[in-house]
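Notes for the one structure printed next.
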Amino acid sequence: MEKNQFVYWSKEEKVAVITIDNPPLNVLNITVADQLKETVEQIESDSDIYAVIVTGAGERAFMAGGDITSFPPLLGVGVEEVREFALRLQEPLNLLESLDRPVIAAINGFALGGGCELALACDIRIAEEQIQIGLPEITLGILPGAGGTQRLSRLVGKSKAKELMFTGDRLSAEEAKRIGLVNHVVSKRKALSVAREIATKIAQHSFLALSRIKRCVDEGMDLTLREGLQMEAGCLGEVFQTDIAREGIYAFLEKRPARL
C-alpha cells in the first residue's frame with residue numbers, strides 16, 4: 001500500500017473487498033472520498049468482480065463519521081462552496097450505490113455520520129453486535145450532507161428517518177436491525193467473514209441476472225408500478241438470451257446439476 005493511501009482493495013476470486021484505513025477512526029474527508037471514488041472506478045472496470053464488500057480497518061470503526069477538523073474553513077464561506085464540498089463527498093457514494101453488482105457493508109465498528117451514509121450506499125449491511133450507527137450531525141448544528149437525508153428515509157421510512165436525524169440518536173446493532181437499517185447482526189470480529197460468505201454465494205450466480213435485479217429494484221423505486229413491471233419484463237428478456245440461463249433452465253428440466 002502506498003504512503004497516504006487511505007482506501008485500498010483486494011480481490012479473491014470474484015469478490016472485491018474495499019477497506020477504509022484512515023486511523024484512528026477511518027473518518028471521511030476529501031482525500032478519502034477521492035480515493036474511494038478511484039477505487040470504485042477500478043472495480044467497476046473489472047468484469048470479473050461479481051460482488052463487493054466495504055469495511056473499515058481495525059476494530060474501532062467502520063467509518064466514525066466526517067472529519068470535523070476540515071469543517072471550520074467552510075464556516076461562512078458561502079452556500080455554493082459548501083454545496084460543492086458536499087457534492088464531492090457524495091460522488092464516491094453515488095458511484096458505489098450505482099455499481100452494477102451487489103455491494104455489502106461489513107460494519108465492524110462506529111458507523112456515524114459519513115460512516116452511516118457509506119453503509120446506506122450499499123445493498124446489504126452486516127453489523128457486529130457492539131457497533132453504533134446513526135446520523136448525529138444535528139448535535140453539531142448541521143445536517144447530513146453525503147446522502148443521509150435521502151437514503152435513510154428511503155430505507156426506513158420518512159417518519160423514522162426524521163426522528164433519527166432530528167434527535168441525533170445512535171442506534172445499537174439490534175435497534176438498527178429492528179427498523180430495517182441493517183440486514184444481519186453478528187458477533188464481534190465476524191462482520192467481514194459473514195459478508196464474505198454472502199458475497200461468495202452471490203458471486204456464484206449470473207452477473208447479468210445480478211445486475212438486472214439490482215437495476216429493477218433501485219430504478220423501479222422511482223417509477224410507477226406499471227413502469228417498473230415493464231422494466232422488469234425487459235430485463236428478463238435480456239437475461240433469457242444468455243448461455244447461463246439456457247444451461248440453468250435445461251439442467252433443471254433434465255434433473256441434473258447445472259454447469260454454470
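The values are calculated or read from the model by the stated rules, or taken from the named source; none is laboratory data. Quantities reported herein were computed from a predicted structural model and do not represent experimental measurements. Here the Cβ is made from the backbone with ideal geometry for all residues, glycine too, and neighbour counts use every protein chain on show. Keep in mind that these areas ignore ligands, DNA and RNA; they rest on the heavy atoms of the full protein, side chains included. Shrake-Rupley method; radii C 1.70, N 1.55, O 1.52, S 1.80 Å.
Couple of notes before you dig in:
- Enumeration of residues in the stretch 78-119 that are among the hydrophobic types (A, V, I, L, M, F, W, C) and open to solvent by 50 Å² or more (accessible area, probe 1.4 Å): Val79, Val82, Leu87, Phe110
- Lone qualifier among Arg196, Arg178, Arg154 - being on the phi < 0 side of the Ramachandran plot and free of Cβ contacts under 8 Å to residues at least 40 places away in the same chain: Arg178
- If the condition is being among the hydroxyl-bearing types (Ser, Thr, Tyr) and open to solvent by less than 100 Å² (accessible area, probe 1.4 Å), then the stretch 240-260 contributes only Thr242.
- Residue identified as out of contact with any Pro (no Cβ under 8 Å at 6 or more places or on another chain) and without any contact (Cβ under 8 Å) to a residue 40 or more places away in the chain among Gln132, Gln42, Gln90: Gln42
- Residues in the stretch 120-170 that are assigned to a loop (DSSP other than H, G, I, E, B) and open to solvent by 60 Å² or more (accessible area, probe 1.4 Å) were compared, and the one that is nearest to Arg60 (Cα to Cα) is Gln130.
- Residue match in the stretch 224-242 (condition: of a type in the set (Val, Ile, Thr), part of a helix (DSSP H, G or I) and touching a residue at least 24 places away in the same chain (Cβ under 8 Å)): yes
- Out of Ser211, Ser193, one residue alone is assigned to a helix (DSSP H, G or I), surrounded by 17 or more Cβ atoms within 10 Å (Cβ to Cβ) and hydroxyl-bearing (Ser, Thr, Tyr). It is Ser211.
- Extreme residue, nearest to Ala106 (Cα to Cα), among residues of the stretch 32-69 that are open to solvent by less than 40 Å² (accessible area, probe 1.4 Å) and small (Gly, Ala, Ser): Gly56
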